[in-house]
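Working notes, beginning with the structure itself.
The values are calculated or read from the model by the stated rules, or taken from the named source; none is laboratory data. Keep in mind the model is a prediction, meaning the values are calculated, not measured. Methodologically, a virtual Cβ is constructed for each residue, glycine included, from the backbone with ideal geometry; neighbour enumeration extends over all protein chains shown. Accessible surface areas use protein heavy atoms only, side chains included; no ligands, DNA or RNA. Shrake-Rupley method; radii C 1.70, N 1.55, O 1.52, S 1.80 Å.
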Amino acid sequence: MKRPAWAIVPAKSLRQGKSRLRPVLGDEDRARFAQRLLEHVLDVLGACALDGVLVATGGDDVASVAASRGAHVLRDRGEGSLADVVDRALGEVASRGAASALVLMADLPRIEPGDVGALLAALDDHDVALVRDHLGHHTNALAVAPPTAMATCFGRADSFAAHQAAARAAGLRAAVVDSVRIAFDVDVPADHEELTARRPAVGT
């Protein structure tokens with residue numbers, strides 16, 4: 001029997017996000033680019049067998065995009081770290097009946113529905129499943145069952161290693177899922193250059 005599963009996408013206001021791309025994109029272009037990335041992630045999640053999608057944000061623009069994609073919105077109070085925002089969202093989906101949850105970053109232009117399914121499938125034999133970013137330092141995706149099984153470490157420079165350590169400390173069975181598509185995010189000009197050079201479906 002399938003366990004109820006929700007996805008969580010934390011996202012800054014479109015005008016506040018992707019600040020490290022200023023050398024290659026002006027403010028309006030950066031906002032449009034961030035919106036296309038977010039829309040892609042939400043469209044992928046909408047094609048998956050999930051019980052709900054929750055976008056955690058303090059931005060009216062992001063909330064509008066989320067609503068247009070049928071996602072629920074949890075307004076960010078503007079307090080604390082990214083981990084605090086995610087942990088609050090995990091508690092929220094748990095209160096809505098989620099037995100497991102998937103946290104995805106909002107800037108994954110290559111993710112596909114099958115990648116989401118593979119990550120959730122890892123929870124069949126584990127309590128936590130992680131995907132690192134393409135540099136190996138950050139966490140681009142985390143699946144956990146139950147949603148409040150551990151406090152997260154998002155926002156830290158070493159969040160991937162920190163999540164592994166936190167899972168061990170909590171006595172949870174953790175799996176590392178290697179996913180090239182989830183691992184690729186767009187943070188700096190070199191990422192944007194690779195994305196546009198290879199001409200994927202998003203952000204060109």
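What's the number of the condition residue 88 fails, among (1) among the basic types (Lys, Arg); (2) without any contact (Cβ under 8 Å) to a residue 60 or more places away in the chain; (3) closer than 18 Å to residue 107 by Cα?
For residue 88, the failing item is (3).
Of all residues in the range 41-54, count the ones that are closer than 19 Å to residue 16 by Cβ and touching a residue at least 40 places away in the same chain (Cβ under 8 Å).
Total meeting the criteria: 1.
Give me a count of the residues in the range 63-79 that are among the hydrophobic types (A, V, I, L, M, F, W, C) and either within 16 Å of residue 96 (Cα to Cα) or open to solvent by 20 Å² or more (accessible area, probe 1.4 Å) (or both).
Let us first name the residues in the range 63-79 that are among the hydrophobic types (A, V, I, L, M, F, W, C), namely 63, 65-67, 71, 73-74.
Narrowing the set further to residues that are either within 16 Å of residue 96 (Cα to Cα) or open to solvent by 20 Å² or more (accessible area, probe 1.4 Å) (or both) leaves 67, 71, 73-74.
The qualifying residues number 4.
For the range 51-62, which positions are farther than 13 Å from residue 15 by Cα and either of a type in the set (Gly, Ala, Ser) or surrounded by fewer than 21 Cβ atoms within 10 Å (Cβ to Cβ) (or both)?
Taking the range 51-62 and keeping what is farther than 13 Å from residue 15 by Cα, we get 51-56.
Listed by number, the residues that qualify are 51, 52, 56.
Can you tell me which condition residue 148 does not meet? The list is (1) closer than 22 Å to residue 173 by Cα; (2) open to solvent by 50 Å² or more (accessible area, probe 1.4 Å); (3) without any contact (Cβ under 8 Å) to a residue 40 or more places away in the chain, and all the others hold.
So the condition that residue 148 fails would be (3).
I'd like to verify a number: residues in the range 151-199 that are farther than 17 Å from residue 139 by Cα, at pLDDT below 75 and not charged (D, E, K, R), how many?
6
Those residues that are within 11 Å of residue 146 (Cα to Cα), of a type in the set (A, V, I, L, M, F, W, C) and not in a loop (DSSP other than H, G, I, E, B), I need them from the range 92-111; list them, please.
93, 94, 101, 102, listed by residue number.
Among the candidates 154, 160, which residue alone is among the aromatic types (Phe, Trp, Tyr), touching an Asp or Glu at 6+ places or on another chain (Cβ under 9 Å) and in a loop (DSSP other than H, G, I, E, B)?
None of the other options fit; the residue is 154.
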